[in-house]
1. I'd like to verify a number: residues in segment A:176-189 that are more than 16 Å from the chain's Cα centre (by Cα) and more than 14 Å from every other protein chain (Cβ to nearest Cβ), how many?
2. Go through segment B:82-124 and count every residue that is within 11 Å of another protein chain (Cβ to nearest Cβ) and among the polar types (S, T, N, Q).
3. Just checking, how many residues over segment A:267-313 are of a type outside the set (A, V, I, L, M) and either in contact with an Asp or Glu (Cβ under 8 Å, 6 or more places away or on another chain) or surrounded by 19 or more Cβ atoms within 10 Å (Cβ to Cβ) (or both)?
4. Among residues belonging to segment B:132-182 that are of a type in the set (Phe, Trp, Tyr) and outside any helix (DSSP H, G or I), point out the one that is nearest to B:Met91 (Cα to Cα).
5. Looking at this structure, is A:Phe199 at pLDDT 95 or above, surrounded by 23 or more Cβ atoms within 10 Å (Cβ to Cβ) and either closer than 22 Å to A:Met39 by Cβ or small (Gly, Ala, Ser) (or both)?
6. Answer yes if at least one residue in segment A:129-139 is under 22 Å from A:Lys504 (Cα atoms) and either touching a residue at least 24 places away in the same chain (Cβ under 8 Å) or away from every other protein chain (no Cβ under 11 Å) (or both), and no otherwise.
7. Out of everything in segment A:423-448 that is farther than 22 Å from A:Thr334 by Cα and aromatic (Phe, Trp, Tyr), what residue ends up being surrounded by the fewest Cβ atoms within 10 Å (Cβ to Cβ)?
8. Return yes when A:Pro338 is in a loop (DSSP other than H, G, I, E, B), outside the structural domain of A:Phe422 (by TED's automatic domain parsing), out of contact with any helix residue (DSSP H, G or I) (no Cβ under 8 Å at 6 or more places or on another chain) and closer than 22 Å to A:His462 by Cα and no when it is not.
Number of protein chains: 2
Amino acid sequence: MNPKKLIPLALLPFTGLSAQNEVNIITRPNIILFMVDDMGWQDTSLPFTGTKTQLNERYHTPNMEKLATEGKMFTQAYASAVSSPTRVSLMTGMNAARHRVTNWTLQKNSSTDSKSDVLQFPEWNVNGICQVPDVPFTYEVTSLTQLLKNSGYHTIHCGKAHWGAIDTPGENPHHFGFEVNIAGHAGGGLSSYLGEQNFGNRTDGKPSPLQAIPGLEDYWGEDIFATEALTQEAIKALDKAKKLGQPFYLYMSHYAIHIPVDRDMRFYQKYIDAGLSEKEAGYASLIEGMDKSLGDLMNWLHENEMANNTAIIFMSDNGGLSSESGWRDLPLHTHNAPLNSGKGSAYEGGVRVPMIVKWPGRVKPDTKTDNYLIIEDFFPTILDIAQVKDRATKQLVDGVSFMPMLENDSTEPTNRNLYWNFPNLWGNQGPGIGPTCSVRSGNWKLIYYYETQKKELFNIAHDIGEEKDLSHQNPDIVQKLSQDLGKFLRQADALRPTFKATGKLCPWPDETSF
Amino acid sequence: MNPKKLIPLALLPFTGLSAQNEVNIITRPNIILFMVDDMGWQDTSLPFTGTKTQLNERYHTPNMEKLATEGKMFTQAYASAVSSPTRVSLMTGMNAARHRVTNWTLQKNSSTDSKSDVLQFPEWNVNGICQVPDVPFTYEVTSLTQLLKNSGYHTIHCGKAHWGAIDTPGENPHHFGFEVNIAGHAGGGLSSYLGEQNFGNRTDGKPSPLQAIPGLEDYWGEDIFATEALTQEAIKALDKAKKLGQPFYLYMSHYAIHIPVDRDMRFYQKYIDAGLSEKEAGYASLIEGMDKSLGDLMNWLHENEMANNTAIIFMSDNGGLSSESGWRDLPLHTHNAPLNSGKGSAYEGGVRVPMIVKWPGRVKPDTKTDNYLIIEDFFPTILDIAQVKDRATKQLVDGVSFMPMLENDSTEPTNRNLYWNFPNLWGNQGPGIGPTCSVRSGNWKLIYYYETQKKELFNIAHDIGEEKDLSHQNPDIVQKLSQDLGKFLRQADALRPTFKATGKLCPWPDETSF
């Protein structure tokens, strides 16, 4: 790789400009982080299990398939089980146990935790993160985008932000160093995908829903899906970025495929024709609309001769929603099969997500790795890709760069532990959903339930569906992982619930046997 | 002054929040920099000469009068003679000789200099400033707003930006650390003030003029003047800022009172009734509309109980336009009387501008200073007001804080020299307009004309109209100031024109006797 090249400034209209003028341009790669919302590991035609599942047969994502052919699939990429913790970990490099934005955020000073008769939930950072001091219930950080911007990247936000509550500094992507903000705000969901419905915004003078998508006024009243409108706006921003002479970072953060399951009519009928129910055809259309957006961006890079100097990272923020029958016709908790459960769960269905990276010249095409990684690892990795030298941050970074996994073919497994902490009550019911903490260590995964002190141990390599709890057969492993987990949570100053009856904190996993 | 106070977080809806929670808030002042475009020293009813002139009688600016009663008037505040150099000096603390954005910017890699048969103009920074490396014909800087933002200020841009050419990073206020941008872009003028004309934007699919105001789409087709629309948007941004719990910096940068002299019909008729011509009544209405905006912001501060913790700085970016008969009925070059000439001129009419500062508790009300200062001094002063500690910048700062002038009653004159360098040809004709450099030192001012090597020396205290050239009576002073000026320009690595006939650079002022 030649990091520098000399570009002559030819044919300038500037009177008197000498022809010898040259500008030294560092060719750092452009970066597109294509983040999908609530997309499950199986919500694609790309087989992350190795062979096509029934769900892979159901969905059509040709552009994800193309991306995988040109890059590397990550079959064991992890996020948090809900949105805000994942997105905060991405922006800060911190594990959720440390940043304490452990549940989803929306309104200022207000927790989204459901109520429990048994547990009192801790005072987590309900206002999210921000870059300034003295904001209550936030963690003050230096964000990924601020570092990218400081280092010379042109930074573009498009779509869902969800880093801070309404009326706090963190609600606005511009406060984190994004130079362009398309449609990002405090909301983590959306009222409507439909241009005909002004994306949920009211026009009668009454307040719009808190989650109505802002900033797409140009498309109000039109027959256009939010996914398409966002893509068109992103491409306008890329057309501008191309002129600025800087590398760009595009955070293409779709509201799709979050509920409501509106129908993307460009794709809906073919799923009906294939025999899916109306709800399921709608969901499949949401996915294919998202996939088209990926293709449109790839086409733009190709047409603008930037494909070879752009890294594309595809990711989802948590597992697919599987605990609400109102939006889907599949049996509850089967939407991410063979993974168990879905969004909100400590099981693989909640935290394992589809991930692909294309980076020409650095990542070998049509490859795959089964090594695991977690969302906070994106922070140091993206800074590595961008060659950012000044990485001084206010926060302690937990993430570890996965650059070796990008560049090496080795399938040597990583031995580090991954941790999750969710001392909250999300609300929906389902397997593995509730206040838990957990650790992945090699093939083992230990889940600890704060309320009951129950522990479960799974061998993920042999039991991807987490059906066989092996804790009683392996007390030594349970003890070792309980100690690892307890030690990590304490050093991260993690939160945990309190028993209402006694006023005592729930024990750490290493303070109780089973 | 007590810089800190404890604010209890009472009555939070957060379940389980302990009542003892308190947040330590640093009460740094809010700052409003109210910058008017092309406003002459006499374009107000406020008498900067000490007694009301004819022009002061003609115009009505009651809110400027109120601001002066509550603050301090600066009778000798200087800017550059055209817009971009002033605005770049404000954002960087650099003298224009050093930042080399010496004329106004608009199109990429393209100089706005007029042509001359005699002189070749130098390769100045036609693309303005930016915060990233490797952008041709720019100066890479750390901006005032970036430092304010980094220190915790919520930063709002409203109105004219004019820091960088189209399709360069500097065109966008977000690239300089502004978190909100209302209507700022590369343009330094405007196509139309009228909402009925969509502020100059075309809707027929053809390209809009380069200087059509962006970002005010909500007001298109309405009977509203741009000055009012910007003010309403600024107040919306302040309503939001109030909720964020940060001090704010509002750069209220009006496109007014730049040409075109559209009529602000809220005020127009009364000037017709007073006997002014249509053009002159239009101009007076532009001024009063701007003054109403100032009043609206002051009212907002009062209603929101922020008036006592907000510093307001009123400033203009250069002298009033006096060299175009198409827009005005006053005799050419008299529009800033008793000052000579106007915008674009090295004379006082081009560079001396109205300035007022209100800062309750720090600046004594109803006061005035005749000490001089120059636009680059705003940079360190605003950082002083904001108590910004981290001031590491990429550029060398020429400006000197005028905090002592704010806080002290002393009329002890400053003895430092002020410098200007304009190695360009603006285009319009008039007294003092052309490629010049100049120095103010005590009561003396020396102007040097690059093309002819002519030098003029004025005693500003006795001859504010710069009518009596005293250079031949005071050769020692001419020599001393020529040396000071030449020395400063060389150390600043300033630009100068070249003679086309010989290919030789014009001499510095200390390289020629007269």
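1. So the count comes out to 1.
2. 8
3. Taking segment A:267-313 first, the residues of a type outside the set (A, V, I, L, M) are A:267-271, A:273, A:275, A:277-280, A:282-283, A:285, A:288-289, A:291-293, A:295-296, A:299-300, A:302-305, A:308-310.
Right, trim to either in contact with an Asp or Glu (Cβ under 8 Å, 6 or more places away or on another chain) or surrounded by 19 or more Cβ atoms within 10 Å (Cβ to Cβ) (or both) and you get A:267-268, A:271, A:277, A:279-280, A:282-283, A:285, A:288-289, A:291-293, A:300, A:310.
Here the count works out to 16.
4. Within segment B:132-182, the first condition is being of a type in the set (Phe, Trp, Tyr), and the residues that meet it are B:137, B:139, B:153, B:163, B:176, B:178.
Those still in the list that are outside any helix (DSSP H, G or I) too: B:137, B:139, B:153, B:163, B:178.
Numbers: B:Phe137: 17, B:Tyr139: 12, B:Tyr153: 15, B:Trp163: 9, B:Phe178: 12 Å.
So the residue we want is B:Trp163.
5. On the way: at pLDDT 95 or above: yes; surrounded by 23 or more Cβ atoms within 10 Å (Cβ to Cβ): yes; either closer than 22 Å to A:Met39 by Cβ or small (Gly, Ala, Ser) (or both): yes.
Yes; evaluated as a whole, the condition is true for this residue.
6. There is no residue in segment A:129-139 that is under 22 Å from A:Lys504 (Cα atoms) and either touching a residue at least 24 places away in the same chain (Cβ under 8 Å) or away from every other protein chain (no Cβ under 11 Å) (or both).
7. Filtering first and then ranking leaves A:Trp444.
8. Numbers: in a loop (DSSP other than H, G, I, E, B): yes; outside the structural domain of A:Phe422 (by TED's automatic domain parsing): yes; out of contact with any helix residue (DSSP H, G or I) (no Cβ under 8 Å at 6 or more places or on another chain): yes; closer than 22 Å to A:His462 by Cα: yes.
Considered against the rule, which asks whether it is in a loop (DSSP other than H, G, I, E, B), outside the structural domain of A:Phe422 (by TED's automatic domain parsing), out of contact with any helix residue (DSSP H, G or I) (no Cβ under 8 Å at 6 or more places or on another chain) and closer than 22 Å to A:His462 by Cα, A:Pro338 comes out as yes.
The values are calculated or read from the model by the stated rules, or taken from the named source; none is laboratory data. Keep in mind the model is a prediction, meaning the values are calculated, not measured. All Cβ positions, even for glycine, are placed from backbone atoms using ideal geometry, and neighbour counts span all protein chains on display.
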